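No lab work stands behind these numbers, since they all come straight from the coordinates. Keep in mind it's a predicted model, so treat the numbers as computed, not measured. As a convention, Cβ positions derive from the backbone with ideal geometry for all residues, glycine included, and neighbour counts pool all protein chains shown.
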């Protein structure tokens, strides 16, 4: 039987719930992936899988990827044909339900939640004409133990996203406590400078996005564009020739206006367009 | 009917579960309190309540304290008489179940989880002779928006607690990324220097514990001891005359050994003993 979206399973069981003792609930002790599904597959699954395994390794959460992939295959069977071409798949893996206290027992059974949600409806002009973004007041904390991981401790993103209600603003830019440019609330940031790409180093803060890695390892090389990962400042951003955001859901959005005290304007430049085109080719 | 511990309610319903879309589960978007119950009451409830309200205010989570107190009274009725004199009550309040994405709808119904757990069994000599503590490798991130709040983003504590297995070590000391002394994994830290108390400023990192506040506002004044809240370093700690830890569960533990490259020894000093005595008087 096929279902309308959302379809959510907990440990493979549709519409099941989660224990209030689950460490995902009590401590945010887990990781997640948000993936785009098209033609009944997740095009960047190998990258999502590697990040999930890597994140679980850093947090010492045991993970059997075969179990996750079996549950994922099972839930996709339940999705209507019309939804299979355009949906969002979210996978949450937590350390599982245990007693009180921070100490980690060696006998944990991780909890796997998989949800298939309707695709997010973003305006087409975000892609073609670019987006307005603002500088968030919130500053990300630096923690080398957690940097890069897409873990469930997301209060910084919740507070940053709550800073604006203006529907004309699509995203918010985040700096860390030392003033380094890190990312956007649900996106990574790339700068174009002198026909080369620069993206912030994420060794102290930020989420190392799957699309960021795909652009660094596949899209930019295919386009023959050099790329540097380094510490970046706000000045680096405002002095860029082009700026774009990316994530594995929407792909690449050019930034047209950056609002930070004053408005900084950017045009949808040639390198951004080139990368959008190559990305479409690689994912089609 | 009375139950054996633990007894856990979700929105007032015993043994209910939590939605996998609850923002407590998906983002750690909520707060908690861990309280000691004795003689069927929570002695420091007014302090817990104020912190809960204050934390929810900072995160813009709507909270009706009357609902929480009614559920709390109800669950306490279900606790066996023998357990009522010594148990742990944990209250979790989240922003509630909503859809995907960081954005906060104005129409949220917070989720309230209340659990009554058996009291933690700590050795009596932790109280009388002191504890061994170690310096954790993990450094806390600084974030003025989240500092002080007892929120559900606790991966730092999970990772710090996972650093040691040695049962002789009771707690771990945490510095922030700038090397400031902040707290311990599940305790606050006080230093005795020249017959005065010093405790770390928590405006950039750490949890502002209920027992910390009770000591600052009630216990130290009753004992006539001056207290200073300021930035502290590791040098401040190792050069102290006495060091103690506190939380609202166990009260005050003297530190006898601090392990940080070398072993620093402290005796259970007169001010720590005095504060332990006054604390017992105030809570009896």
statement: Site residue A:66, offset 7 angstrom along Cα→Cβ, radius 18 Å on amide nitrogen, limited to segment A:1-39, gives A:12
message: With just the Cα atoms defining each centre, how far is segment A:42-82 from segment A:160-224? Give it in Å.
response: 24 Å
statement: Taking only the alpha-carbon positions of the protein assembly as shown as identical scatterers, the Debye log10 I(q)/I(0) at q = 0.05, 0.08, 0.12, 0.13 Å⁻¹ comes out as -0.23, -0.57, -1.19, -1.34
- line: Expressed as a whole number, the average count of other chain Cβ atoms within 10 Å around the Cβ atoms of A:146-154 is 4
query: If you take the alpha carbon radius of gyration of segment A:42-161 and divide it by 2.2 N^0.38 Å, what ratio comes out, to two decimals?
result: 1.30
task: Kindly state, to the nearest 0.05, the FRET efficiency for residue B:169 paired with residue A:274, given R0 = 60 Å and r defined as their beta-carbon distance.
output: 0.60
query: Given a Förster distance of 56 angstrom, what is the FRET efficiency for residue A:107 paired with residue B:194, based on the Cβ-Cβ distance and rounded to 0.05?
result: 0.70
message: Using 0.36 nm times the number of residues separating residue A:124 and residue A:5, minus their current alpha carbon distance, what extension gain do you get?
response: 40.6 nm
query: Normalized C-alpha radius of gyration of segment B:92-142, against 2.2 N^0.38 Å?
result: 2.02
- prompt: If the convex hull of the alpha-carbon atoms of chain A is projected onto planes in all directions, what is the mean projected area in square nanometres?
  reply: 15.0 nm²
- prompt: Computed FRET efficiency, Cβ-Cβ of residue A:39 and residue A:203, R0 45 Å: what is it to the nearest 0.05?
  reply: 0.80
query: Which value at 222 nm does chain B reach when only helices count, each DSSP H run of 4 or more adding -39,500 (n - 2.57), with the total divided by all residues and rounded to the nearest 500 deg cm²/dmol?
result: -7000 deg cm²/dmol
field: Residue order, fewest to most surrounding Cβ atoms within 10 angstrom, among B:212, A:134
entry: A:134, B:212
- prompt: Of the listed peptides B:196-205, A:194-203, B:255-264, what is their order by residue-averaged count of other C-beta atoms within 10 Å, with the highest listed first?
  reply: B:196-205, A:194-203, B:255-264
- request: May I ask for the angle, rounded to the nearest 10°, between helix B:65-77 and the longest principal axis of chain B, with both axes built from Cα atoms and the value confined to 0 to 90°?
  value: 90 degrees
query: Which values, in whole Å and largest first, are the semi-axes of the equivalent ellipsoid of segment B:98-234 obtained as the square root of 5 times each eigenvalue of the Cα gyration tensor?
result: 28, 20, 18
query: At residue B:13, with labels set 7 Å past Cα in the Cβ direction, how many nm apart are the copies from this one, shortest first?
result: 1.5
task: Could you work out the mean count of beta carbons from other protein chains within 10 Å of each residue's beta carbon in A:174-180?
output: 2
- prompt: Using only the Cα atoms, what convex hull volume per residue in Å³ does segment A:202-245 have?
  reply: 92 Å³
- prompt: Rounded if a/c is under 1.5, else prolate if a/b beats b/c, else oblate: with a ≥ b ≥ c from the C-alpha gyration tensor eigenvalues square-rooted, which is segment A:1-92?
  reply: oblate
- request: Using only alpha carbon positions, build the gyration tensor of segment A:186-284, then give the equivalent ellipsoid semi-axes as the square roots of 5 times its eigenvalues, largest first, whole angstrom.
  value: 20, 16, 13
query: In nm, to one decimal, how far is the residue B:284 label point from the residue A:234 one, both placed 7 Å along Cα→Cβ?
result: 5.7 nm
query: How many percent of DSSP beta bridges within chain A run antiparallel, rounded to 5?
result: 75 percent
